[in-house]
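What follows draws every value from the coordinates through simple rules; no lab data is involved. All values derive from a computational prediction rather than experimental measurement. Note that each Cβ is placed from the backbone with ideal geometry, even for glycine, and that neighbours are counted across all protein chains shown.
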């Protein structure tokens, strides 16, 4: 199944995962009303299986789902899609989990149940925006050839043309060409913009 | 093994804290002390006179009940009254027997009167100070009192030794033998006085002031029979030895009262000793030569000291056993509470899941019907509001029920007070006590383990509510926070109950609160103001907030 990224023009696509199907559905409906394209799942395995065909900007997942742990699920999901925003929600909140969810698992937020609607929506918008930007960057950088990628990396480190020529063993003229290609493919005009992209 | 009747425990002398800060004004009698001092003057005069019947050359009396009165007063009102009592005794002595001033420089005479009082005061203060520090098995109540009753007379005698050795002529004795007789008589007279007079006076004082519940269950018949039998046997044996011309031997009676004391406690021991003393004292009053009287009284003192200390020890053991039982019950309760907590956490979790769904749907329904202005809209709004309220409640309850582990974190005092309010309001309402919560500055933060600190404040509020709930129209309990000089102070204020009532509580709420607060680097103080308001102040260092 080819990996299908969410349509950048479409509003935020969100998957909601909770082993309590009622809650999952309620959250999904609520998000739909808030303008997201939301789908509810009650089985982590089903979501992971379906994900490549319908990737999302963000996934809201429960932390404790039967034998599944929300953090393991997040790892698996992250390996499928590096650009998806993940939010955790839990009925057993703990400070340690809250810190882990953000630091180790790249979570956007960690919410305790009963869910605070306004906060969930705000965090999701942030997550969708991050995911969109992250995908766009990846796409633009993905068009670069290996050599161009090397030049890009050195440029964002602040090296001048001569220095890069020396480092890569190329003529300054060739470096000039690669440089132009980088700007063109990434649709940027300045090194500052490139640096912003590299982050 | 039960005490036939249980006198209240007198754990330690009153007001030992006065000596922590040495302010001379401490020694000045307070308003309520004057009446006690006046009564003391009268009682001292009467007993002093009475003691003269057992007098002798070189000493005042072999039976000095005034010493017991003095010790009881010191024990009850605190060693701080020592100077005042000394002045009373000087006044009484000089008025009744002006002869004390004759023949000696007046300073020496005055010092002679005041010295035993000072010795008593120092002993009481020292024992109070030691008992405060606990730890020693000998200082479990009522052992401190028992020790004071024995040690105060001995200290008084020791304090008399220098004068007796350097200038024996002042007390009218000559030669080492007479000095020893004089000092021994002094010790015996005071010992009999303290051990006989002080305990019943203190029991009566406690019973009258309601400081202790006076329980006087009828002694069990078996215990009474045993006590009487043993005592009768002891006295009979002593008489038998006497008739066999072996002299007055204290051993049989001593063993008997020690047995009674160990078996049935102080009160029974005291009763048995009373019987012994009433048999001995009339015989030794008046005309009897001093060596004979001294010997009888020495034997009596031996019996009394052994009997009373045995009784005190038995009572201390009983108290320690009662405390152990209480701890066992507490442990059991803690075990149950642990289960209860696990259950409540599970319940909170089970509730929070469907409540999430309910809250989301209720809000949606509320929005959908918002414009209708009819009953459905009102109903939906109400459901939404209630669901939101429940959701908030569940979040707070869960924070409180969560594991009390983890490092301290910055904690806004508003959040803490909110949490306590949520938990305490229901209890206060049930007790019919209003709980007034003052607004808290949201900028104030402390480093704290949230759940523990909430528990500490909760305990204080609960104590305050329980203290006032017995009143006819209970005043509200107030919870507020103030801050100054880098410290936040959480105040819990309630009116002191009109009648202190013994409650079911284990009385550990405050201990737990204090332990928690001290672990947080803070302090907990409780004061009772002149307006009868009890004020618990929990002080914690504030942390800088950005």
| query | Ranked by Cβ crowding within 10 angstrom, fewest neighbours first, how are B:312, A:123, A:190 ordered? | reply | A:190, A:123, B:312
| request: Provide, for q = 0.15 Å⁻¹, the log10 of I(q)/I(0) from a solvent-free Debye sum over equal Cα point scatterers in the range A:13-139. | output: -0.60
| Average partner chain C-beta neighbours within 10 Å, per residue of B:344-356? | 4
| query | Length gain on complete extension for the stretch residue B:544 to residue B:447, per 0.36 nm per residue less the alpha carbon to alpha carbon distance? | reply | 33.9 nm
| task | Before rounding to the nearest 500, sum -39500 (n - 2.57) across all DSSP H runs of length at least 4 in chain A and divide by the residue total; then give [θ] at 222 nm in deg cm²/dmol. | result | -16500 deg cm²/dmol
| note | FRET efficiency for residue B:527 and residue B:427 from the Cβ-Cβ distance with R0 = 25 Å, rounded to 0.05, comes out at 0.55
| For the range B:275-330, max minus min Cα coordinate along each principal axis, in Å, sorted largest first? | 61, 16, 9
| Cα Rg, Dmax (largest Cα-Cα span) when computed across the protein assembly as shown, Å | 41.8, 136
| task | Can you tell me which of B:339-347, B:110-118, B:424-432 comes out highest on packing, and rank the rest after it, using the mean Cβ neighbours within 10 Å? | result | B:110-118, B:424-432, B:339-347
| note | With label points set 7 Å from each Cα along the Cα-to-Cβ direction at residue A:173 and residue A:32, the distance between them in nm comes to 6.3
| message | Taking every DSSP beta bridge with both residues inside chain A, roughly what % is antiparallel (nearest 5)? | response | 10
| request: Please give the average number of partner chain Cβ atoms lying within 10 Å of the Cβ of each residue in A:20-31, rounded to a whole number. | output: 4
| query | Hey, rough spin-label estimate for residue B:207 and residue A:143, points 7 angstrom out along Cα→Cβ, what's it come to in nanometres? | reply | 10.3
| field | Share, in percent, of DSSP beta bridges within the protein assembly as shown that are antiparallel, nearest 5 | value | 60
| Label point distance in nm, residue B:332-residue B:240, each placed 7 Å from Cα along Cα→Cβ | 4.7
| Helix B:375-401 sits at what angle to the longest principal axis of chain B, using alpha carbons and giving 0 to 90 degrees rounded to 10? | 40
| said: If I histogram all Cα-Cα distances within chain B using bins 10 Å wide from 0, what percent of pairs lands in each bin? | reply: 3, 14, 20, 19, 15, 11, 8, 5, 3, 1, 1, 0
| request: Principal axes first, then extents: for the Cα atoms of the range B:409-541, list largest minus smallest coordinate on each axis, whole Å, largest first. | output: 41, 27, 24
| Theoretical FRET efficiency, 1/(1+(r/R0)^6), r = Cβ-Cβ of residue B:177 and residue B:220, R0 60 Å, to 0.05 | 0.75
| task | Provide the FRET efficiency to the nearest 0.05 for the residue B:414-residue B:320 pair, computing r from the beta carbons and using R0 = 35 Å. | result | 0.20
| Taking B:44, B:64, B:400 and counting other C-beta atoms within 10 Å, the order from fewest to most | B:400, B:44, B:64
| Sorted by average packing, counted as other Cβ atoms within 10 angstrom per residue and highest first, what order do B:268-278, A:14-24, A:161-171 take? | A:14-24, B:268-278, A:161-171
